[in-house]
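What follows is calculated from the coordinates using simple rules that are stated; it is not laboratory data. All figures in this text were calculated on a predicted structure; none of them were measured in a lab. As a convention, Cβ positions derive from the backbone with ideal geometry for all residues, glycine included, and neighbour counts pool all protein chains shown.
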Amino acid sequence: MSENIKKIQLNDLHIALGGKMVPFAGFNMPVRYSSDTEEHHTVRQGVGVFDVSHMGEFKVTGPKALDLIQKVTSNDASKLVIGQAQYSCFPNEKGGIVDDLIVYKFGEEEYMLVVNASNIEKDWNWINKHNDMGAALENISDSISLFAIQGPKAIEAVQSLTSVNLSEIKFYHFAVGDFAGVPDVIISGTGYTGAGGFEVYVKNEDAEKVWNAVFEAGKAYDIKPIGLGARDTLRLEMGYCLYGNDINDETSPIEAGLGWITKFTKEFINSENLKKQKEEGVSKKLVGFILQEKGIPRGHYPIVNLKGEPIGEVTSGTMTPSMGVGIGMGYVKSDYAAPGTEIAITVRNKNLLAKVEKFPLYKK
């Protein structure tokens, strides 16, 4: 393993569990333990746990905390109440996206930003560069472990570990409380699967204790460790963007269908240009599609119209375990973005019929 690859706190535990480890976003990460399909179904139907400790966490505190967050993020963080989280993005100066993130509000002057693993250094430099108001910043990424306990049985599987009533934690809200005998654990009603459940943030020194307690408590519910392979098929069924695939420094939030997290009730980096885009329209849009013929779409495959003329490119694609068909996301010319539009994906030199669909692609 290259020396530059970082290890998450429970690296050796995942190897002992039979996890197939691969380099991902600069970290040695478990991609699967059994099979992607089996792990996917475990999360959709039962409960599974992802170790996503590679994610980055920044604390933003002090009287200027909100001012900085409002300047660097597209969503309106002034609307947050304590105990609430918000999906957002960092727009860059040229219309693209530095990263997508979640903003947590702990107090009037205390916030946490959760960013993508591959962008920790880039995001940290970006925020510091724009912190001309003197907000206090702390990068706590290396001291925090994060477990996503996902699936319809998540709450009942681990409710016994905490005095916090898990069923009262609404979507995109969180509580701080005891969990598995550890105080001050952040229990958040967020996730990247659309299957329900929550995410727990713990200090590295408590990570193994919490992980083991979760699996002990969830035994009766057939709880399983889940790798990054299933994480990708689950998020794709929901139409959740993956940074580096579906959004990047060149794609605008308006093109990416993230207008709902782009609020022009305030000024933020590049807000003027993005507002113009929203008003005047964009030439390409990110869409979801479902193949109508047998095949598996992959990133960078061409998207064509029914005459075979190029109209875009696939950004993410897979064979969905829940539906048993090829699905994907990609940018197409705006004329082809309406749900129901017939398009084709070029798979191995054959143009396979596909239909543009509204997200989520997987309808429960």
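In whole angstrom, how far apart do the alpha carbon centroids of segment 179-237 and segment 273-304 sit?
The two parts, judged by their Cα centres, are 32 Å apart.
Where is the GNM fluctuation largest for the chain (alpha-carbon springs, 10 angstrom cutoff): Gly328, Gly312, Gly26?
Greatest mean-square fluctuation among the candidates belongs to Gly26.
Using only DSSP helix segments of four residues or longer, with each worth -39500 (n - 2.57), what per-residue ellipticity at 222 nm results for the chain after dividing by its residue count and rounding to 500?
After summing the helix terms and dividing by the residues of the chain, the value is -5500 deg cm²/dmol.
Magnitude of the Cβ-charge dipole of segment 184-334, K/R +1 and D/E -1, about the Cα centre, nearest 20 debye?
Dipole size: approximately 420 debye.
Okay, which of segment 104-135 sit inside 19 Å, backbone N to the point 7 Å along the Cα-Cβ direction of Lys266?
Within reach of a label on Lys266: 104-115, 124, 126-135.
So if each residue of separation counts as 0.36 nm, and I subtract the Cα-Cα distance between Gln45 and Asp222, what length gain in nm does that give?
Stretched out fully, the Gln45 to Asp222 stretch lengthens by 62.6 nm.
State to the nearest 20 debye the size of the charge dipole of segment 283-364 about its Cα centre, where the only charges are +1 on K and R beta carbons and -1 on D and E beta carbons. It would help to have the intermediate numbers written out before the result.
On the way: 12 positive and 6 negative charges, 34 e Å.
I would put it at about 160 debye.
With a ≥ b ≥ c the root eigenvalues of the C-alpha gyration tensor of segment 283-364, is it rounded (a/c under 1.5), prolate (a/b larger than b/c) or oblate?
Taking the square roots of the gyration eigenvalues as a ≥ b ≥ c, segment 283-364 is oblate.
Note down the nm distance, to one decimal, between modelled labels 7 Å out along Cα→Cβ at Asn273 and at Lys20.
In this crude spin-label approximation the distance works out to 4.1 nm.
By how many nm would the segment from Ser167 to Ile5 lengthen if fully extended, with 0.36 nm per residue of separation less the alpha-carbon distance?
That works out to 54.5 nm of additional length.
In segment 182-257, what GluC sites (Glu not before Pro) fall in a loop by DSSP, with at most 15 other Cβ atoms inside 10 Å?
Glu250
Can you list the residues, at least 5 places off or on another chain, whose amide H is less than 5 Å from the amide H of Leu242, using H built in the peptide plane?
Ile247
Taking the alpha-carbon distance from Lys355 and a cut-off under 17 Å, which aspartates and glutamates remain once sequence neighbours fewer than 8 residues away in the same chain are dropped?
Within reach: Glu237, Glu293, Glu309, Glu313, Asp335, Glu342.
Only sites in a loop by DSSP and with at most 12 other Cβ atoms within 10 Å count here; which GluC sites (Glu not before Pro) in segment 1-88 make the cut?
Numbers: sites: Glu3, Glu38, Glu39, Glu57; in loops: Glu3.
Counting only loop positions with at most 12 other Cβ atoms within 10 Å, the GluC sites (Glu not before Pro) in segment 1-88 are Glu3.
Between segment 107-145 and segment 326-359, how far is it from one alpha carbon centroid to the other, in angstrom?
Answer, in whole Å: 37.
Tell me, Leu137, Leu236, Leu353, Leu228 in order of fewest to most beta-carbon neighbours within 10 Å?
Leu353, Leu137, Leu228, Leu236
Work out how much length Ser78 to Lys358 would gain on full extension: take 0.36 nm times their residue separation and subtract the Cα-Cα distance, in nm to one decimal. Write out the running numbers ahead of the final one.
On the way: separation 280, 0.36 × 280 = 100.80 nm, distance 2.97 nm.
Using 0.36 nm per residue and subtracting the Cα-Cα distance, I get 97.8 nm.
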